[in-house]
1. Say we look at region 209-222 and pick out the residues that are closer than 17 Å to Phe263 by Cα and out of contact with any Lys or Arg (no Cβ under 7 Å at 6 or more places or on another chain); which of these is surrounded by the fewest Cβ atoms within 10 Å (Cβ to Cβ)?
2. State all residues of region 71-84 that are in contact (Cβ under 8 Å) with a residue 24 or more places away in the chain and either farther than 15 Å from Ile34 by Cβ or in a loop (DSSP other than H, G, I, E, B) (or both); if no residue qualifies, say none.
3. Give Asp98, Asp91 a once-over and let me know the one that is in a helix (DSSP H, G or I), of a type in the set (D, E, K, R), at negative phi and touching a residue at least 12 places away in the same chain (Cβ under 8 Å).
4. For residues in region 235-288 being exposed (fewer than 14 other Cβ atoms within 10 Å of the Cβ) and either outside the structural domain of Asn198 (by TED's automatic domain parsing) or of a type in the set (Phe, Trp, Tyr) (or both), which is modelled with the lowest pLDDT?
5. Residues of region 16-65 being touching a Ser or Thr at 6+ places or on another chain (Cβ under 7 Å) and at positive phi, which ones?
6. For Lys210, indicate whether it is farther than 21 Å from Phe239 by Cα, among the charged types (D, E, K, R), touching a residue at least 12 places away in the same chain (Cβ under 8 Å) and in the same structural domain as Phe262 (by TED's automatic domain parsing).
7. Just give me the residues in region 1-29 being assigned to a strand (DSSP E or B), among the aliphatic types (A, V, I, L, M) and without any contact (Cβ under 8 Å) to a residue 40 or more places away in the chain, in sequence order.
8. Name the single residue that is nearest to the chain's Cα centre (by Cα) among those in region 221-243 being part of a strand (DSSP E or B) and not aliphatic (A, V, I, L, M).
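The values are calculated or read from the model by the stated rules, or taken from the named source; none is laboratory data. Predicted model only: the values in this text are computed from it and were never measured. Backbone-built Cβ (ideal geometry, glycine too); neighbour counts: all protein chains shown.
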Amino acid sequence: MSAVIIDGFTYNFGLSRPRNSDRSYQYVLSRLLIGSLSFRFSDRNVLQKIDHSKMPSAPQLLPPGKAFSKFMSDYMLAGDSAKFIGVTSADNRAFFQDVLSEFSNYFYHSSRGGNTSAFVFIYRILERCSYSVPLLYTALARDFVGTFNSLKDQLSEEKMGELGLFKKFINEGKFIDAAILDSEFTIKFSSSYDLEENYISVINKNFGSKCQMIDIAGRQFTVKFRDVIELLIVVRNRFFHFGTGAGKNNIRSVSVINSDEFFSALNKVFASFMAVVVLKIISHHYRYILY
């Protein structure tokens, strides 16, 4: 049988699947994020064919087995799928199960055009990773003195919070190298309502100072990989909060007349960012074990 059911999602591995692959959430998650897995949820079949292991993400053109082998090679993971499954099956199951479920929900809602709902699941992934990923990275580092000092520095600032810790951890340039951190995403808005200026104006008003480029007339802006966390948090805070007492410039519905269109452009970048983070922590956490 090439399909398995995990938390209500039926994942289809194609013509065949490796033995015991259903026991490794890391394997299923990796296959999902590199675009070599389809699934069924509720009344919908979802074919996820984007390879998020690349920067920028691109359509997955390889057969499933070759796609996973290339992922392992590109991310410096030794062995084959059988060894990967054997090593990962019993490790950090709750964390990777949660991330798999959240990404699956993201892809499901995206496939049906529910991009506002899909954004919620991306933000949930960010929150699930914000404390766990720095700890998973530090736990297997080979220079414990250096990692202790680094973690101590990250935790030393009062009132930083988990998201603040995660931003500082990412920007150190150790977990993800500087070349990737300084790479750029260009996001362009389109709208059937001819109100794209409102969408780009929302970004300019709330995030313009952090953009590498913002073109109001062209309805597009550019943001560095390292600043995607901040953009994600700003959009979440300004859109999903609407109180007036704190004096924040929260996003009005008249400025984002179709929230699914607005989030459609942003979500692709948010998902790509979080997928790279998750695939990087998988590769780092198991790289030395697999050798």
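1. Thr222
2. From region 71-84, those in contact (Cβ under 8 Å) with a residue 24 or more places away in the chain are 71, 75-79, 81-84; that's our starting set.
Selection gives Tyr75, Met76, Leu77, Ala78, Gly79, Ala82, Lys83.
3. Numbers: Asp91 fails: in a helix (DSSP H, G or I).
On inspection, the qualifying residue turns out to be Asp98.
4. Per the stated criteria, the residue is Tyr288.
5. Result: Asn20, single match.
6. No: the conditions fail for Lys210.
7. In the first step, residues of region 1-29 are kept if they are assigned to a strand (DSSP E or B); the result is 3-6, 9-12.
Checking the rest, the ones that are also among the aliphatic types (A, V, I, L, M) come to 3-6.
Listed by number, the residues that qualify are Ala3, Val4, Ile5.
8. Lys224
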